[in-house]
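S.K.: Structure incoming, see below.
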Amino acid sequence: MKKSIVLAGLLMGVSSVVAATNFEQIDTYTIKASQDYLSGIPAKNANGTVNAIIEIPTGTNEKWEVSKRDSSVINWEFKNGQPRIVHYMGYPGNYGAIPSTALPKELGGDGDPLDVIVLGSAMERGSVAPVRVIGGLKMLDGGEQDDKLIAVPVVEQSPFKDIDSVEDLQKQYPGVVEIVKIWFANYKGPKGEMEIQGVMSGQEANKVLEQAISQFKG
């Protein structure tokens, strides 16, 4: 069944989120959009919000990702011939990527679109959510830089909608930042080689975002 990426935002009172794009679940392992997720959608909207492609909804363990071969597709990843499942507690937020971004290794990235975790209730896989970037995690994955931005939804239904910074989050919702840090440090297991180096402020995270937007080749 086809669905509009923009529909959820309109229903929740967020207008002019992204250009209307339809997507549908082709089979158990594949979601297909009518346009490219990464180059067909802007990183930021006219109202200053940031777009987040939702690959993995809050609380789930299936490892989905925008395909590197066809970025109009989100695939359930396979590893050793089996669909990949994270053997840990479900993701502590909606995990995904920011379109129209790429941060090369020389600037502290991995060359891929920026990763983002959007706090709050589960959002539909394949949808694109308008969010506010409030900070991030400085991380190493197997010795390579693999930072994650932290964002909050801007819709009225979200308890995090008025959070503007990591400091605000820590004051109003104590423990949330620690939960996210602990999850990413441990979700690959004791031999996962994940290292949390620190927490980025909103200013630092948005600087990373602007660099990644400027480096995107499209």
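The values are calculated or read from the model by the stated rules, or taken from the named source; none is laboratory data. Please read these numbers as outputs of a predicted model, since none were measured by experiment. Note that we place each Cβ from the backbone using ideal geometry, even for glycine, and neighbour counts take in every protein chain shown. The protein model used for the area step is the full one, side chains on, heavy atoms only, and it has no ligands, DNA or RNA in it. Shrake-Rupley method; radii C 1.70, N 1.55, O 1.52, S 1.80 Å.
S.K.: Suppose the filter is farther than 21 Å from I56 by Cα, in contact with a Gly (Cβ under 8 Å, 6 or more places away or on another chain) and not β-branched (V, I, T); does S165 pass it?
M.R.: Details: farther than 21 Å from I56 by Cα: yes; in contact with a Gly (Cβ under 8 Å, 6 or more places away or on another chain): yes; not β-branched (V, I, T): yes.
Answer is yes for this residue.
S.K.: In region 27-37, which residues are touching a strand residue (DSSP E or B) at 6+ places or on another chain (Cβ under 6 Å), surrounded by 17 or more Cβ atoms within 10 Å (Cβ to Cβ) and not in a strand (DSSP E or B)?
M.R.: Y37
S.K.: Quick check on region 65-78: of everything there that is within 15 Å of D112 (Cα to Cα) and not in a loop (DSSP other than H, G, I, E, B), which residue is farthest from the chain's Cα centre (by Cα)?
M.R.: Ranking the qualifying residues of region 65-78, first place goes to I74.
S.K.: What are the pairs, 6+ residues apart or on separate chains, where a residue within region 190-218 that is open to solvent by less than 30 Å² (accessible area, probe 1.4 Å) and assigned to a loop (DSSP other than H, G, I, E, B) has its Cβ under 9 Å from a residue that is of a type in the set (D, E, K, R) and modelled with pLDDT under 95?
M.R.: From region 190-218, the pairs are G192/D141.
S.K.: Next question, about the same structure. Among G40, G59, which is at pLDDT 90 or above, out of contact with any strand residue (DSSP E or B) (no Cβ under 7 Å at 6 or more places or on another chain) and closer than 24 Å to K138 by Cα? Before the answer, list the steps.
M.R.: Working: G40 fails: closer than 24 Å to K138 by Cα.
Matching residue, one of G40, G59: G59.
S.K.: Among residues belonging to region 136-164 that are buried (at least 17 other Cβ atoms within 10 Å of the Cβ) and among the small types (G, A, S), point out the one that is nearest to Q215 (Cα to Cα).
M.R.: Filtering region 136-164 for residues that are buried (at least 17 other Cβ atoms within 10 Å of the Cβ) and among the small types (G, A, S), the one nearest to Q215 (Cα to Cα) comes out as G136.
S.K.: Identify all residues within region 40-64 that are under 16 Å from I117 (Cβ atoms), open to solvent by 10 Å² or more (accessible area, probe 1.4 Å) and either among the basic types (K, R) or touching a helix residue (DSSP H, G or I) at 6+ places or on another chain (Cβ under 9 Å) (or both); write none if there are none.
M.R.: Once the filter is applied, which keeps residues that are under 16 Å from I117 (Cβ atoms), open to solvent by 10 Å² or more (accessible area, probe 1.4 Å) and either among the basic types (K, R) or touching a helix residue (DSSP H, G or I) at 6+ places or on another chain (Cβ under 9 Å) (or both), region 40-64 yields only K63.
S.K.: Shifting gears a bit: Based on this model, can you work out whether E167 counts as open to solvent by 10 Å² or more (accessible area, probe 1.4 Å), charged (D, E, K, R) and at pLDDT 95 or above? Even if it seems obvious, please write down each step before you answer.
M.R.: On the way: open to solvent by 10 Å² or more (accessible area, probe 1.4 Å): yes; charged (D, E, K, R): yes; at pLDDT 95 or above: yes.
So E167 fits the description; yes.
S.K.: Here is a further query. What's the total number of residues in region 94-135 that are out of contact with any helix residue (DSSP H, G or I) (no Cβ under 6 Å at 6 or more places or on another chain), within 21 Å of N75 (Cβ to Cβ), open to solvent by less than 10 Å² (accessible area, probe 1.4 Å) and part of a loop (DSSP other than H, G, I, E, B)?
M.R.: Residues that pass the stated criteria total 3.
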